[in-house]
Amino acid sequence: MTGPTPQMGRITAFVRWVARTPWPVFTLGMLQADIIGALFVLGFLRFGLPAEDRIQLQDLPALNLAIFLGYLFVSFTILSWLTLRLLIPVIRWQRRDSLLGGGDPAVTDLARVRALRMPFYRSVINVSNWFLGSIVFIVASWPVASRSAPVVAVAAALGATATAIIGYLQSERVLRPVAVAALRGGVPASFRAPGVIQRQVLTWVLSTGVPVLAIVLALVASKFEILTAPAERLNTPILLLAVAALVIGLAGTVLVAMSIADPLRQLRWALGEVQRGNYNAHMQIYDASELGLLQAGFNDMVRDLAERQRLRDLFGRYVGEDVARRALERGTELGGQERDVAVLFVDLVGSTQLAATRPAAEVVGLLNEFFRVIVDSVNRHGGFVNKFQGDAALAIFGAPIEHPDASGAALAASRELHDELIEVLGQTDFGIGVSAGRAIAGHIGAQARFEYTVIGDPVNEAARLTELAKLEEGHVLASAIAVSGALDAEALRWDVGEIVELRGRGAPTQLARPLNLAAPRRVSSQAQT
């Protein structure tokens with residue numbers, strides 16, 4: 001006994017795949033809407049009209065009834081074939097996209113547009129079927145309902161309108177997963193779905209226009225004696241039409257309200273996610289109406305915000321968060337302003353020899369750890385690392401953001417750095433210098449390329465103190481001016497010492513050392529110069 005052939009296996013797999021798509025529900029919805037509409041119209045013609053105007057379907061000749069039933073079978077077969085022909089490119093696109101993740105762009109665009117237009121195609125098919133079916137029914141029922149032919153035509157037209165509108169709104173909701181996939185690459189330029197106004201108009205036509213028009217036409221038909229029954233005998237048909245208006249209008253209004261509320265509810269959720277800082281929030285585009293364009297616009301906006309945040313984070317990593325925030329808030333221009341700042345300079349000892357005797361990866365790792373400690377400590381004390389210069393770092397306190405105790409913060413950061421760098425660097429020596437005074441802080445360079453920096457005597461003095469600190473056992477030196485500018489809580493932790501002349505400076509500098517570090521080794525005059 002042979003097992004299933006590969007062809008049968010592929011067919012079975014395809015049928016299982018189709019069963020997981022919305023198309024079976026879409027097809028059943030088409031059939032269901034037509035059956036409900038037909039039963040409603042036939043029920044109205046048989047039981048809703050006054051007794052003398054009712055159509056006695058049981059009196060139809062057998063041949064006429066067979067012709068009408070045969071038309072229903074043929075029309076169902078033809079419309080099923082037509083719907084399948086419309087769906088074949090869409091199903092192929094869905095199948096290929098789910099298995100291979102892509103395909104011919106031209107075929108894909110055709111399938112996407114056709115998938116988005118399927119609710120419209122369904123409405124056109126419904127109206128066409130009802131139009132032809134009403135003609136066949138009028139001809140088949142002519143022997144028993146020749147006087148009621150206008151009533152049959154109007155009832156069929158109103159039934160077709162209601163069925164088409166409900167079918168369109170129902171199809172949009174059933175095929176939403178297909179629309180989401182079709183709109184994943186954006187809204188096609190050649191397609192626009194009915195917007196909010198058009199949907200509200202459709203709801204009005206369904207819930208108010210159709211039943212009110214039916215009532216008006218019934219009264220007009222009675223007045224012009226198209227109906228045999230007098231106007232006062234039309235209470236039952238009018239009551240049935242009013243009940244139908246309530247039921248059908250409620251269904252249509254709920255479908256339209258859901259088509260509007262669903263994307264708005266998703267938009268509210270996505271806005272909440274963005275407010276919480278989640279720039280990965282993404283809205284599914286339900287259709288190509290104003291609501292779909294709103295969803296697509298929101299996605300574009302979030303992508304722009306995410307890109308801006310990424311650039312801002314990157315900008316902040318290069319120039320410091322405070323500089324980046326200030327530049328984004330106030331803009332940038334060349335030049336600067338005079339500020340009272342404190343400057344902290346840190347430099348490694350023997351970095352050239354270090355690079356020559358150790359692997360490059362090890363040196364890079366050591367430098368990264370060295371700079372990490374500096375950045376963390378400076379940030380904790382309210383300063384910002386202005387630049388890295390090889391194996392040295394320059395930190396500023398008091399610019400661009402003012403600091404209530406810039407000198408004290410720089411001195412405290414230098415003491416903390418001493419303890420942390422000893423643990424991180426091990427046998428590698430370093431030097432830390434702290435200075436304070438007036439300097440120019442601003443954007444220096446050309447209009448096409450500039451950087452935020454601080455220029456002035458405190459920067460030069462801090463660099464010279466760092467060179468001198470490399471020869472100290474404590475590795476930390478500050479100027480007495482920096483200590484005198486600090487609050488007492490920090491100033492009392494420093495010991496003011498001798499006066500020296502630093503290289504490249506005309507004015508003498510009085511040194512200060514932290515009290516809790518190892519006793520300093522006094523430098524010689526040769527080292528001082």
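The values are calculated or read from the model by the stated rules, or taken from the named source; none is laboratory data. Computed from a predicted model, the values in this text were never measured in an experiment. Cβ atoms come from the backbone with ideal geometry, glycine included; neighbour counts cover every protein chain shown.
Tabulated results
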quantity	calculated
Subset tally (residues that are modelled with pLDDT under 90, within 58 Å of the chain's Cα centre (by Cα) and among the hydrophobic types (A, V, I, L, M, F, W, C)) for the range 479-505	1
Residue list for the range 1-30, restricted to those being assigned to a helix (DSSP H, G or I) and touching a helix residue (DSSP H, G or I) at 6+ places or on another chain (Cβ under 8 Å)	F14, W17, V18, W23, P24, V25, F26, T27, G29, M30
Counted residues, the range 7-39 - those being free of Cβ contacts under 8 Å to residues at least 12 places away in the same chain, surrounded by 12 or more Cβ atoms within 10 Å (Cβ to Cβ) and polar (S, T, N, Q)	1
Single residue of the range 354-389 satisfying the filter (outside any helix (DSSP H, G or I) and of a type in the set (K, R)) that is surrounded by the most Cβ atoms within 10 Å (Cβ to Cβ)	K387
From the options Q295, Q353, Q309, residue that is farther than 24 Å from A406 by Cα, of a type in the set (S, T, N, Q), modelled with pLDDT of 65 or more and in contact with a helix residue (DSSP H, G or I) (Cβ under 6 Å, 6 or more places away or on another chain)	Q295
Residue in the range 461-468 that is surrounded by fewer than 22 Cβ atoms within 10 Å (Cβ to Cβ) and out of contact with any strand residue (DSSP E or B) (no Cβ under 7 Å at 6 or more places or on another chain) present	no
Condition met for V127 (assigned to a helix (DSSP H, G or I) and at pLDDT 80 or above)	yes
Condition check for V373: in contact (Cβ under 8 Å) with a residue 40 or more places away in the chain, assigned by TED's automatic domain parsing to the domain that holds P514 and over 18 Å from D340 (Cα atoms)	yes
Tally, over the range 356-400, of residues that are touching a Phe, Trp or Tyr at 6+ places or on another chain (Cβ under 7 Å) and farther than 20 Å from S435 by Cβ	1
Residue list for the range 477-509, filter: of a type in the set (G, A, S), assigned to a loop (DSSP other than H, G, I, E, B) and buried (at least 17 other Cβ atoms within 10 Å of the Cβ)	G485, A486
Positions within the range 254-289 being in contact (Cβ under 8 Å) with a residue 40 or more places away in the chain and not in a helix (DSSP H, G or I), in sequence order	Q284, I285, Y286, D287, A288, S289
Among (1) more than 20 Å from N516 (Cα to Cα); (2) touching a helix residue (DSSP H, G or I) at 6+ places or on another chain (Cβ under 9 Å), the one test that A413 misses	(1)
Members of the range 409-440 that are in a helix (DSSP H, G or I) and over 14 Å from N379 (Cα atoms)	R415, H418, D419, E420, L421, I422, E423, V424, L425
Some residue of the range 207-222 being modelled with pLDDT under 75 and within 30 Å of T21 (Cβ to Cβ)	no
